[in-house]
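Worksheet: the structure to be examined is printed underneath.
Read the figures in this text as sums done on the coordinates, not as results from a lab. From a predicted model like this one, the values you see are computed outputs, not experimental measurements. No Cβ is skipped: glycine too gets one built from the backbone with ideal geometry, and neighbour counts run over all protein chains shown.
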């Protein structure tokens, strides 16, 4: 399942002007990249292994299953993330109802406390399960939240420079996305802080075609400021499996649906 966009680029490309694309063409690139990254098929299931390495080289592992259902292609969408390992996060659930015209609804079930917690919109760019990925990385950032400019085009890639429409709502001043022309998957992203320093990268390390959909099967995020990185590997990926919308409701936070199991 495509969850993480991400790959590598020379810094000088970041400042070359775009000469061949109109605003409409840029909008189409953004729309196709968003759909390729998060909307493959009508729904999907994937198993994820996440390896977290801190600045001192210490490692932790997470394993979880993601269910996804599209209500509207490119628009409303549902996510259900069920943690299986290790024991300290087992049965934890993260659920998202994603919208384009308002803030997403996000829930976190903490089994040790038997507590369902709503995640505020202001927390969407905080750490996901103690990793270097963010809550927003899991379900994606709505394209309408940013302004996009094509700054370079090659035979194989588009390079976009992206700035937030509400700078006060995020920790970055801008980011760049390198988008593969053949798949429209963003394969490398670089984030810059408010002082203009690059502090974070997100990279697609491996892509395969699954059921006709180009799919990221390995991705990595690096914390260039604080150190450390997180690797995610996706396996047993399936699309168009017929998930019911009712699975993505609060009743299943404490009782995971059978679709979590294969």
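For the reader, a short list of remarks on this structure follows.
- In the chain, the DSSP-assigned H stretches of four residues or longer account for a calculated mean residue ellipticity at 222 nm of -2500 deg cm²/dmol, using -39500 (n - 2.57) per stretch and the full residue count as denominator.
- Cβ-derived FRET efficiency at R0 25 Å, residue 99 paired with residue 254, nearest 0.05: 0.55
- Diffusion constant of the chain at 4 °C, which comes from Stokes-Einstein with the Kirkwood Cα-pair radius and 1.567 mPa s, µm²/s: 69
- The spacing between the stretch 27-91 and the stretch 237-251, judged by their C-alpha centroids, is 14 Å.
- Extension reserve of the residue 91-residue 240 stretch, reckoned as 0.36 nm per residue once the Cα distance is removed: 51.1 nm
- To the nearest ten degrees, helix 23-38 and the longest principal axis of the Cα atoms of the chain are 30 degrees apart.
- Values of log10 I(q)/I(0), in the order q = 0.12, 0.17 Å⁻¹, for the stretch 35-169 under a Debye, Cα-only, solvent-free model: -0.57, -1.07
- Most tightly packed first, judged by the mean number of other beta-carbon atoms within 10 Å of their residues, the peptides 201-208, 185-192, 111-118, 242-249 read 185-192, 201-208, 242-249, 111-118.
- Highest average first, the peptides 152-163, 171-182 ordered by how many other beta carbon atoms sit within 10 Å of their residues are 171-182, 152-163.
- Potential lengthening of the chain between residue 145 and residue 71 amounts to 24.6 nm, from the contour at 0.36 nm per residue minus the alpha-carbon distance.
- Additional length obtainable on full extension of the chain from residue 120 to residue 173, 0.36 nm per residue less Cα span: 16.9 nm
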